[in-house]
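Comments concern the structure below.
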Amino acid sequence: MGVVYIVGAGPGDVDLITMKGIKCIEQADVILYDRLVNKELLKYAKVSTELISCGKLPNCHTMEQNTINLELVKYAKQGKIVTRLKGGDPFIFGRGGEEAAACQEAGVPFELVPGITSGIAAPAYAGIPITHRDYSSSFAIITGHRKDGVEDSTDWESLAKGIDTLVVYMGMKNLKYITQQLMAYGKSKNTPVALIHYGTTINQRIITATLETIYEAAEHEQVKNPSIIIVGEVVRLREQLMWCDQDKDLLAAGGM
């Protein structure tokens, strides 16, 4: 029996993967990797390692999740070391829990290697701390995309009134709806918002506006996924704390 390592590859900059994650890539006989994983990381693999793309685009999946689960189990039962390389952190909107469950049910040994999630890293690279003693003592990470056929059960009132900073993953398609819900439940229309596209990479773009105007700004600038949405007063700190931009060598070194 082999083993499956479910590894968080980080948010895009190759330097933001953990040392343990690199070791899992180096040791792997098979690597199943996602679309948003920086392909530079695959250079750490052995020449003999089988590389399998599991890329997913919105509404277009190269490999369905159930097929990925079966592949992990299949290769591990062949006695191989399998590394499942996922963008960000596997357990934060990464379906890592589903893959771990599939291994457990099949009797396959597995190990989780956490990764730096984009909801923390992308704001940091944009000069936005998601917590700050003067602006934010709480934050919530939420998804802006629901499973097909599942109604929105998000508690927008609690998010609007009880959380200082909101970090929304996969929300560009529903940006207008998200802003409308937050304002409807009491979030000020003047609350600053940032959109961070391809955060931590050479392609990083940052758009800022208010809760009332961010949808129009996104349309004008044609901001698409993959992007993180940051809602909260901490966005005001960007001009003061911005420490890198897409012209810096450190972003170029980690660019996708």
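The values are calculated or read from the model by the stated rules, or taken from the named source; none is laboratory data. Because the structure is a prediction, the values reported are computed rather than measured. Neighbour counts are summed over all protein chains in view; Cβ atoms, including those assigned to glycine, are modelled from backbone coordinates with ideal geometry. These area figures cover heavy atoms from the full protein model, side chains too; ligands, DNA and RNA do not enter into them. Shrake-Rupley method; radii C 1.70, N 1.55, O 1.52, S 1.80 Å.
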Inset, instruction - Test GLU212 against the criterion of being over 29 Å from CYS244 (Cα atoms) and either aliphatic (A, V, I, L, M) or open to solvent by 50 Å² or more (accessible area, probe 1.4 Å) (or both), and give yes or no. - result: no
Legend entry - Test set (1) open to solvent by 10 Å² or more (accessible area, probe 1.4 Å); (2) not in a strand (DSSP E or B) - LEU112 fails condition number: (2)
Legend entry - Residues of the range 32-44 satisfying the condition of being touching an Asp or Glu at 6+ places or on another chain (Cβ under 7 Å) and buried (at least 19 other Cβ atoms within 10 Å of the Cβ): LEU32
Inset, instruction - Count, please, the residues in the range 201-254 that happen to be at pLDDT 90 or above and in contact with a Cys (Cβ under 9 Å, 6 or more places away or on another chain). - result: 1
Inset, instruction - Out of the residues in the range 137-161 that are touching a Gly at 6+ places or on another chain (Cβ under 6 Å) and of a type outside the set (A, V, I, L, M), state the one that is nearest to ASN225 (Cα to Cα). - result: GLY144
Inset, instruction - Show the residue pairs that are 6+ apart or on different chains and have beta-carbon atoms under 7 Å apart, the first residue being within the range 176-204 and under 16 Å from PRO129 (Cα atoms), the second being of a type in the set (Phe, Trp, Tyr) and open to solvent by 10 Å² or more (accessible area, probe 1.4 Å). - result: GLY199/TYR125; THR200/TYR125
Inset, instruction - Among the candidates VAL193, VAL231, single out the residue that is in contact with a helix residue (DSSP H, G or I) (Cβ under 6 Å, 6 or more places away or on another chain) and among the β-branched types (Val, Ile, Thr). - result: VAL193
Inset, instruction - Would you confirm whether any residue within the range 139-148 is open to solvent by less than 70 Å² (accessible area, probe 1.4 Å), over 24 Å from ALA184 (Cβ atoms) and part of a loop (DSSP other than H, G, I, E, B)? - result: no
Legend entry - Those residues of the range 196-227 which are among the basic types (Lys, Arg) and either at positive phi or not in a loop (DSSP other than H, G, I, E, B) (or both), in sequence order: ARG205
Inset, instruction - Quickly run through the range 161-174 and pick out the residues that are open to solvent by less than 10 Å² (accessible area, probe 1.4 Å) and out of contact with any Asp or Glu (no Cβ under 9 Å at 6 or more places or on another chain). - result: LEU166, VAL167, VAL168, GLY171
Legend entry - Matching residues in the range 109-151 - criterion: being in contact (Cβ under 8 Å) with a residue 12 or more places away in the chain and charged (D, E, K, R): GLU111
Inset, instruction - Could you figure out which of (1) hydroxyl-bearing (Ser, Thr, Tyr); (2) over 27 Å from PRO123 (Cβ atoms); (3) at pLDDT 95 or above isn't true of THR18? - result: (2)
Inset, instruction - May I ask you to list the residues in the range 68-94 that are modelled with pLDDT of 95 or more, open to solvent by 40 Å² or more (accessible area, probe 1.4 Å) and outside any strand (DSSP E or B)? - result: LEU70, LYS74, LYS77, GLN78, GLY79, LYS80, PHE91, ILE92
